[in-house]
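Asker: One structure, pasted below without further comment.
The values are calculated or read from the model by the stated rules, or taken from the named source; none is laboratory data. As the structure is a prediction and not an experimental result, all values here were calculated from the model. Note that we place each Cβ from the backbone using ideal geometry, even for glycine, and neighbour counts take in every protein chain shown. Note: areas computed on protein heavy atoms with side chains; ligands, DNA, RNA excluded. Shrake-Rupley method; radii C 1.70, N 1.55, O 1.52, S 1.80 Å.
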Amino acid sequence: ATMRPIEESMERQSRFVSDASHELRTPLTALQTANEVALRNTKLKIGEAREVLEYTIAEVTKLRELTAALLGLARSDAPLEREDFNIQEAISEAIQPIIPVAQEKRISIDDGATRQIVHANMQASAQIIRILLENAVKYSPDKTTVRLMVEPMKTHTDLLVIDQGVGIESSDHDKIFERFYRVDESRSSVNGSGFGLGLAIARELAAKQGIKVSVKESSPESGTTFCIRFPKK
Ligand code: ADP
């Protein structure tokens, strides 16, 4: 019986390694093939060579993002240090890199009244908020609004991330937190980036600081509301 946690952790690790290598193999094979085909072509023109190089650089960039995300997931599961901080601070930090992406789609981010003190890790909280905002923008049509709302309660404070996007079937509300799970491969790849790791990372960061992340409600008509539940001291 005392062996069980160790066995479980080892099995989790080996599943992680096989998932990760599977995800890496396809883009690596594609890269190799593109380069081999170009190299075999003795009449390769400079313009064609440039195209191969551009493709190669774009793929390598994606692979670097993927490996960075995987390393983030593989890091130790030691708990994170907690302090009192204002959610507004974490939100400001999370929003900054999202603003240009949102502007491109004419999506406005409304973070009106979100001042509230919570007890968690400020940097990791900002990262969770950024992942949810990134998704909200990615899975919403142009000219919509993403809203942040704070609901303070006695023992915890909820931060809601509300979008007017494509929505998520209720049967997928838990699955989307599994690594590499994506609701619709074709839809996701059309929208660029995305390895199905964002929410898995968000949940892992949450678990290390007593935060809970979940889908509060979602429908194809009205969009999705995610909830980040922060503990109070
Ligand atoms: P990724 O976005 O890279 O595919 P995530 O782990 O961040 O990976 O999300 C998993 C899946 O959950 C996405 O592929 C998408 O189908 C779905 N999803 C996440 N956030 C939203 C959202 N705000 N609206 C609709 N679908 C979403």
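Asker: Once you've got the Cα coordinates, tell me which of Lys62/Lys105; Lys154/Lys175; Lys143/Lys208; Lys143/Lys232 are over 25 Å apart.
Answerer: Correct reply: Lys154/Lys175; Lys143/Lys208; Lys143/Lys232.
Asker: Might you report the magnitude of the Cβ-based charge dipole of the chain about its Cα centre, with Lys and Arg at +1 and Asp and Glu at -1, to the nearest 20 debye?
Answerer: Charge dipole, the chain, about its Cα centre: 220 debye, nearest 20.
Asker: So how much slack lies between Ala58 and Glu178, counting 0.36 nm per residue of separation and subtracting their Cα-Cα distance, in nm?
Answerer: Here the segment from Ala58 to Glu178 would lengthen by 40.6 nm.
Asker: Related question: Considering the options Asn135, Ala120, His173, tell which one lies farthest towards the positive end of the dipole of region 117-173, charges being +1 on Lys and Arg and -1 on Asp and Glu at the Cβ, about the Cα centre.
Answerer: Toward the positive end, the furthest listed residue is Ala120.
Asker: Also, I was wondering about something else. Counting only heavy atoms of protein chains, what accessible area per residue, in Å², does the chain have with a probe of 1.4 Å?
Answerer: On a per-residue basis, 61 Å².
Asker: Ok, one more. Mind checking region 103-142 for trypsin sites (Lys or Arg not before Pro) that DSSP puts in a loop (not H, G, I, E or B) and that have at most 12 other Cβ atoms within 10 Å?
Answerer: Here the trypsin sites (Lys or Arg not before Pro) that fit, given the DSSP loop and packing criteria, are Arg106, Arg115.
Asker: Restrict the search to region 29-94; then list the GluC sites (Glu not before Pro) that DSSP places in a loop and that have at most 13 other Cβ atoms within 10 Å of their Cβ.
Answerer: Glu81
Asker: On the protein heavy atoms, probe 1.4 angstrom, tell me the percent of accessible surface of the chain carried by carbon and sulfur.
Answerer: Carbon-and-sulfur percentage of accessible area, whole number: 53.
Asker: Can you compute the charge dipole magnitude of region 48-185 about its Cα centre, using +1 on each Lys and Arg Cβ and -1 on each Asp and Glu Cβ, nothing else charged? Give it in debye, rounded to the nearest 20.
Answerer: 180
Asker: Using 10 Å bins from zero, what percent of all Cα-Cα pairs in the chain falls into each bin?
Answerer: Reading upward from the zero bin: 7, 27, 31, 21, 9, 3, 1, 0.
Asker: Sticking with this structure for a sec: Report the Cα centroid-to-centroid distance between region 213-230 and region 107-138 in angstrom, as an integer.
Answerer: Cα centroid of region 213-230 versus Cα centroid of region 107-138: 14 Å apart.
Asker: Separate question: Quick one: among Gly47, Gly198, Gly112, which has the greatest mean-square fluctuation in a GNM of the chain with alpha-carbon springs under 10 angstrom?
Answerer: Gly47
Asker: By its C-alpha gyration tensor, with a ≥ b ≥ c as the square roots of the eigenvalues, how is region 1-77 shaped: rounded for a/c under 1.5, else prolate for a/b larger than b/c, else oblate?
Answerer: prolate
Asker: Apply the Karplus parameterisation 6.51 cos²θ - 1.76 cosθ + 1.60, with θ equal to phi minus 60°, to every residue of region 149-154 and state each ³J(HN,Hα) to the nearest whole Hz, in sequence, with x for glycine and proline.
Answerer: Calculated HN-Hα couplings, in order: 9, 10, 10, x, 10, 5 Hz.
Asker: Then there is this: For the residue pair Leu31 and Ile99, what label-to-label distance in nm results when each label sits 7 Å from Cα along the Cα-to-beta-carbon direction?
Answerer: About 3.3 nm separates the two model spin labels.
Asker: Could you tell me which of Val213, Leu160, Pro231 has its Cα farthest along the dipole of region 138-233 towards the positive end, charges placed at Cβ (Lys, Arg +1; Asp, Glu -1), taken about the Cα centre?
Answerer: Pro231
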